[in-house]
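S.K.: Structure in structure tokens, see below.
The values are calculated or read from the model by the stated rules, or taken from the named source; none is laboratory data. Remember, it's a predicted structure, so these values are computed and weren't measured experimentally. Here the Cβ is made from the backbone with ideal geometry for all residues, glycine too, and neighbour counts use every protein chain on show.
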Amino acid sequence: MPWRQSSDPMLERALSSSDTSLLLLVAGGSLMLLTLIGVLLWRLRQRRRRNIDRRLRRSCRGVLANFVIPDGNGAEIQVQYALLTGRGIMVIDIKDVEGHVFGSEAMQDWTVIADDRRFTFANPQPGLWDRVAAVKRLTPESPVVGFVAFSGRAQFTKGQPKSVMLLEPLLQELEKEAGGTGSLSDGYMMA
């Protein structure tokens, strides 16, 4: 660079080492900032998950979370939540997606459209039905229902498929039932 030309080699080394130090300082600061943002996002997600767990435990007689049971076909199946309520056992799969969700029982893949993104995921209902069937095999005397519960960031503008609910209204209904201020909607045991 013409403006930095010098005949003194010692001055050249000093400028070069300060440029390198500044570059390392900026890179290190950027890395620390990105790490801090990542940790904060992770903690926010963990807090939201703990809040859901806390609300479920307060509003249900019993909660089993993230466990494996026999599927009845010689294999095992993972259950995210099984809740013991006043009306029976409720199996819940929670999905955290953001955007407009388009899906139905007949569709193999569901689509989510959010801002400038579009992606698909496998229809969650068959997996839910397998989990409900596995729980029913273990507790044949108890009524068992299941729901795929989507976070509040999901919107079903074309209607919600069978066995699908938004998480917040589901939590509110469970809390109402536990508090004795009402009962869950008729669809609760019909799903």
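S.K.: Yes or no: residue 131 surrounded by fewer than 14 Cβ atoms within 10 Å (Cβ to Cβ), among the basic types (Lys, Arg) and in the same structural domain as residue 97 (by TED's automatic domain parsing)?
M.R.: no
S.K.: Can you work out which of the residues in the stretch 125-153 that are hydrophobic (A, V, I, L, M, F, W, C), over 16 Å from the mean Cα position of the chain (by Cα) and not in a helix (DSSP H, G or I) is nearest to residue 101 (Cα to Cα)?
M.R.: Selected residue: 145.
S.K.: Also, quick follow-up: Give the residue, chosen from 65, 122, that is farther than 16 Å from residue 142 by Cβ, modelled with pLDDT of 95 or more and under 16 Å from the mean Cα position of the chain (by Cα).
M.R.: 122
S.K.: Then there's this: Any idea how many residues of the stretch 74-112 are farther than 15 Å from residue 159 by Cα and part of a strand (DSSP E or B)?
M.R.: Final tally of qualifying residues: 19.
S.K.: Spot the failing condition for residue 55; the list is (1) of a type in the set (Lys, Arg); (2) within 18 Å of residue 165 (Cα to Cα); (3) in a strand (DSSP E or B), and only one is missed.
M.R.: Looking at each condition in turn, residue 55 falls short on (3).
S.K.: Taking the condition of being surrounded by 15 or more Cβ atoms within 10 Å (Cβ to Cβ), more than 17 Å from residue 166 (Cα to Cα) and free of Cβ contacts under 8 Å to residues at least 60 places away in the same chain, how many residues in the stretch 83-113 meet it?
M.R.: 2
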